[in-house]
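Report on one structure; see the data block that follows.
Computed from the coordinates by the stated procedures, all read-outs in this text should not be read as laboratory data. Quick caveat: nothing in here was measured; it's all calculated off a predicted structure. A quick note on method: Cβ atoms are made from the backbone with ideal geometry, for glycine too, and the neighbour counts reach across all protein chains shown.
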Amino acid sequence: MDFHFNEAEKKFRAEVEEFILEEMLPGYADKDLYWPGGYGAIGEFEVRDPAVEKLREKMGERGWLTMAWPKEYGGGGRSFVEQAIFFELLSYYGMPGMDVSTLISGPTILRFGSEELKSEWIPRIVKGNLKFWLAYSEPNAGSDLAAIQARADIDGDDLIVNGQKIWGSGAHVADCGWMVARTDMAAPPYKGTSLFIVDNKSPGITMRPIVNINGFHSFNEVFFDNVRVPKKNVVGDMNMGFYYLMVALDFERLVISMGGFRRRFEDLLNYTRNTRRNGKLLSEDARVRAKLAQLATEIEIAFLLYYKTAWMMDNNLFPNIEASEIKLVTTLLSRKLADAGMEIMGQQAQLWPGSRHAPLSGRFAVGYLDSISAVIGAGTSEIQRNILAQRGLGLKRK
Amino acid sequence: MDLGLNEEQEMLKKSAKEFLSKECPKKLVRELDEGDSGLSRDLWKKMAGLGWMGLPFPEKFGGNGGTLLDLIVLLDEMGYNIVPGPFFATVVLAGFTLMEAGSEEQKQAYLAKICSGEMIMTLALTELDGTYLPESVETVAEAKGDQYILNGAKLFVPDANVADFLLVAARTKSGADPAEGISIFIVDVKSRGVKVTPLKTLGRDKLCEVVFDNVTIPSKDLVGKLNGGWPVIKSILRKAAVAKCAEMVGGAQASLDMAVSYAKERVQFGRPIGAFQAIQHYCANMVTDVDGSRFITYKAAWTESEGLPSDLEISMAKAWTSEAFKRVAVLAHQIFGAIGFTMDHDMHLYFRRAKAGEIAYGDADFHREIVAAQLGL
Ligand SMILES: Cc1cc2nc3c(=O)[nH]c(=O)nc-3n(C[C@H](O)[C@H](O)[C@H](O)COP(=O)(O)OP(=O)(O)OC[C@H]3O[C@@H](n4cnc5c(N)ncnc54)[C@H](O)[C@@H]3O)c2cc1C
């Protein structure tokens with residue numbers, strides 16, 4: 001065992017850090033109220049910013065957005081640990097760059113897509129300027145995705161898509177939907193569902209914004225009315241989409257803004273070092289110290305899980321149990337960090353961004369609300385626990 | 001022993017429930033939460049018409065002659081409906097302060113108008129650090145002839161934006177003991193040099209910053225003894241803490257009710273989600289928290305109502321309920337899934353109030369410290 005980064009990893013870390021410090025968009029990290037683990041306050045889900053596009057293209061040019069992919073598909077041929085370092089630092093500095101297309105759809109296409117599908121989509125994804133949204137959930141199919149009712153019927157070379165999706169984060173600023181729909185209504189869902197890519201500009205798609213509790217328009221309800229999708233956009237085999245979806249969900253659970261946790265924790269540490277209450281620095285208060293020590297330990301565990309999953313992938317082990325563990329741990333941490341921070345900051349903590357007296361720019365108040373989403377989005381904590389108990393530990397359902 | 005409500009309290013509870021579900025629908029709550037003032041004059045008038053503002057005050061000032069415990073029954077229902085507005089500030093903070101320390105004339109002039117619903121008042125106590133300790137009172141009232149000159153800044157003053165008068169805790173003497181030398185004054189919000197700015201908060205309650213710049217106060221507007229304000233404030237903070245608990249208990253009850261009925265309706269995997277043991281256990285944890293909080297709150301309120309020493313009971317109640325409501329609201333959110341994370345859903349209205357209530361009048365850590373001290377530690 002060796003818990004150190006090796007020389008190559010250290011060198012890469014320094015290179016990424018240098019890039020970030022040079023290319024950071026002025027003011028972006030201050031303005032973006034993204035909370036680690038949360039899904040409701042991500043700037044990139046709200047607006048499409050040309051400056052962010054350019055930045056992503058720059059990262060794309062370096063092959064960084066898809067650095068762990070094989071070189072033949074435009075990947076960087078780097079390790080997953082290096083990729084983990086990259087995303088850790090991006091999120092630490094509050095730099096945009098994580099995306100559904102590179103982190104969820106791309107890897108799923110590489111694993112299951114035909115060569116034709118790969119050659120059409122992978123180069124565009126690698127470049128960094130193609131945005132996908134996830135079209136999975138429906139009003140009656142949240143945790144239970146087998147209950148989806150959206151359907152896609154074959155019509156010559158096309159699929160005709162009808163139905164309704166909900167909770168599509170950033171759908172209104174994306175290019176394409178990454179969608180599941182029923183393609184064989186007679187078969188059970190896991191034998192009659194397909195996964196495909198749908199262009200947002202297709203006629204017949206309408207979107208209705210949904211505002212989340214932080215006041216952000218991140219969600220969309222999306223209606224499909226006889227939308228034509230070329231059959232060649234189907235990922236892998238027709239009707240096998242449910243299996244691919246399960247793998248795509250594992251990829252999604254591995255998307256963690258690990259550096260964001262450390263950054264916000266450091267903010268909190270600094271706050272306690274500089275804030276006096278009752279004549280004493282908060283950092284000297286035994287209760288505050290205990291809370292911070294607890295958080296530090298939980299962040300350390302999350303970091304270890306994060307690098308463990310990357311290391312497993314480098315060693316050809318797919319971390320599907322660990323994906324649920326890390327999702328569970330980090331999303332609960334998202335709440336604990338916000339909650340402990342709010343408790344430590346006391347009365348001031350409730351001040352919203354923009355208030356003159358708001359500590360740490362009011363980020364923790366936003367995070368406090370946003371952390372409600374962390375333990376729900378991308379599969380609720382209860383579902384992660386079910387997976388861990390049933391898939392992981394072999395406990396029976398009945 | 002009698003652990004039930006009496007007949008009048010039962011009636012009050014029932015009529016409050018009926019009245020509020022009709023007169024304070026969530027649509028109004030949202031409008032007031034999102035708006036600047038937080039006050040519906042119409043609702044205020046109707047509540048006054050029911051005698052709510054005077055509920056715990058003597059009849060000779062137009063009150064109902066009830067007790068703190070009666071008020072707690074009402075606040076429980078108000079918390080259930082998360083009624084916005086300056087009721088708490090006016091009745092609990094200002095009303096009890098006047099009742100305890102005001103002169104006969106002050107009671108006639110102010111408390112009577114509170115009871116009739118004609119006057120909105122609040123207490124300006126906390127300052128920049130937001131704590132409820134005497135040392136944080138730095139606003140100064142300096143004697144000058146038969147006047148005082150007030151300078152300083154208050155933060156987190158509830159509903160000052162709609163108040164007619166403020167009760168201001170200010171330092172009139174500085175000495176070794178910070179609890180000595182604090183006095184309470186009545187200040188007309190329209191006085192020259194008073195500036196009120198509402199703060200934007202997570203709770204969307206109307207907490208304000210109030211700045212006093214050479215504000216002149218006539219000596220007759222001193223409430224209670226000169227330099228003797230802190231014991232009064234302490235007594236008010238006790239009542240405010242238990243009153244806030246009552247609101248939180250109501251809010252927690254509503255969160256539980258909403259979540260349980262959703263768990264019965266929402267179907268996933270071919271069954272109501274309430275059929276999953278994970279969800280059942282959440283509901284069981286929630287109801288235990290709601291009942292525990294309610295009992296400990298009512299015990300504390302009864303103790304204070306009876307004039308018995310209540311520091312221990314009230315601090316236990318506030319320490320517990322602050323965290324219990326938060327736990328209940330978080331679990332309720334968990335049961336609602338994504339739909340509860342939307343602005344249009346009611347759950348976040350409760351989640352926000354759980355946080356605001358937790359902080360108000362001492363958080364859990366603050367009150368646990370008092371409990372420990374009361375245990376002789
Ligand atoms: C911020 C945010 C962003 C999102 N973005 C997207 C997106 O971009 N695209 C997309 O398709 N979806 C998205 N979602 C939807 C998300 O995937 C679902 O919210 C989630 O899967 C839960 O579904 P639900 O909300 O319908 O809750 P439900 O499935 O109705 O669950 C309600 C409650 O029941 C529990 N429950 C359900 N089944 C079980 C069980 N078997 N055992 C125990 N407990 C159970 C749940 O854990 C939860 O507590 C997003 C959600 C959020 C909050």
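Points worth noting:
- 14 Å reach of a label modelled at residue A:3, 7 Å along Cα-to-Cβ, counting backbone N of the range A:290-318: A:296-308
- Applying the criteria of a DSSP loop state and at most 10 other Cβ atoms within 10 Å to the trypsin sites (Lys or Arg not before Pro) of the range A:89-192 yields no site.
- Across peptide B:356-369, the average count of Cβ atoms from other chains found within 10 Å of a residue's Cβ is 2.
- In the protein assembly as shown, a dipole from Cβ-located charges (positive for Lys and Arg, negative for Asp and Glu) runs towards its positive end, and of A:288, B:51, B:332 it is B:332 whose Cα lies farthest in that direction.
- With contributions of -39500 (n - 2.57) from each DSSP H run of at least four residues, the per-residue ellipticity at 222 nm computed over chain A stands at -14000 deg cm²/dmol.
- FRET E, pair residue B:144, residue B:116, Förster distance 30 Å, beta-carbon r, rounded to 0.05: 0.30
- Rg over Rh [alpha-carbon atoms, Kirkwood Rh] for the range B:124-230: 0.96
- When chain A is described by a simple charge dipole with +1 on each Lys and Arg Cβ and -1 on each Asp and Glu Cβ, the residue from A:45, A:162, A:389 located farthest towards its positive end is A:389.
- Ranked by how many other beta carbons lie within 10 Å on average, peptides B:341-354, B:73-86 from highest: B:73-86, B:341-354
- For the protein assembly as shown, a crude dipole built from +1 on the beta carbon of Lys and Arg and -1 on the beta carbon of Asp and Glu, taken about the Cα centre, is about 420 debye to the nearest 20.
- Computed over the Cα atoms of chain B, pair by distinct pair, the Kirkwood hydrodynamic radius stands at 21.2 angstrom.
- In the range B:28-69, GluC sites (Glu not before Pro) in a DSSP loop with at most 11 other beta-carbon atoms within 10 Å: none
- Acute angle (nearest 10 degrees) that the helix B:347-359 long axis makes with the longest principal axis of chain B, alpha-carbon atoms: 40 degrees
- Listing B:230, A:178 from fewest to most neighbouring C-beta atoms within 10 Å gives B:230, A:178.
- Length released on extending from residue A:11 to residue A:186, taking residue separation times 0.36 nm less the Cα-Cα span: 57.5 nm
- Partner shielding of B:119-130 amounts to 2, given as the average count of beta-carbon atoms from other chains within 10 Å of each residue beta-carbon.
- Backbone N under 12 Å from the residue B:278 label point (7 Å along Cα→Cβ), restricted to the range A:137-156: A:143-144
- Value of relative contact order over chain A, rounded to a whole percent, pairs C-alpha under 8 Å and six or more apart: 17 percent
- Max-minus-min Cα coordinates of chain A on each principal axis give 76, 50, 44 Å, with the largest extent listed first.
- Estimated 222 nm signal from helices in chain B, with DSSP H stretches of n ≥ 4 weighted -39500 (n - 2.57), rounded to 500: -15500 deg cm²/dmol
- Between residue A:231 and residue A:207, the distance separating the two model label sites (each 7 Å from Cα on the Cα→Cβ line) works out to 3.0 nm.
- Nearest-ten-degree value, helix B:277-305 long axis tilted from longest Cα axis of chain B: 30 degrees
- Loop chymotrypsin sites (Phe, Trp or Tyr not before Pro), the range B:187-294 (other Cβ atoms within 10 Å of the site Cβ: 14 or fewer; DSSP): B:269
- The Stokes-Einstein estimate for the protein assembly as shown, based on a Kirkwood radius over Cα pairs and taken at 37 °C with 0.692 mPa s viscosity, is a diffusion coefficient of 116 µm²/s.
- Choice from A:97, A:38, A:354 showing the highest fluctuation, given a GNM over chain A with Cα pairs closer than 10 Å: A:354
- About the centre of its Cα atoms, chain A shows a dipole size close to 1060 debye [charges on the beta carbon of Lys, Arg (+1) and Asp, Glu (-1) only; nearest 20 debye].
- Within the range A:1-32, backbone nitrogen closer than 13 Å to the virtual label 7 Å beyond the Cα of residue A:266 toward Cβ: A:17-18, A:21
- Translational diffusion of the range B:288-377 was estimated from the Stokes-Einstein equation, with Rh taken as the Kirkwood radius over Cα pairs; at 4 °C and 1.567 mPa s the coefficient is 92 µm²/s.
- For the residue pairs A:131/A:291; B:195/B:239; A:165/B:355; B:14/B:239; A:127/A:231, the C-alpha atoms sit more than 31 angstrom apart in A:131/A:291; A:165/B:355.
- Cα gyration tensor category, rounded, prolate or oblate, for the range B:1-115 with a/c compared to 1.5: oblate
- Other protein chain C-beta atoms within 10 Å of residue C-beta, averaged over A:134-146: 2.
- Between the amide H of residue B:199 and those of B:207, B:208, B:209, distances stay under 5 Å, these residues lying 5 or more places away or on another chain, with hydrogens modeled in the peptide plane.
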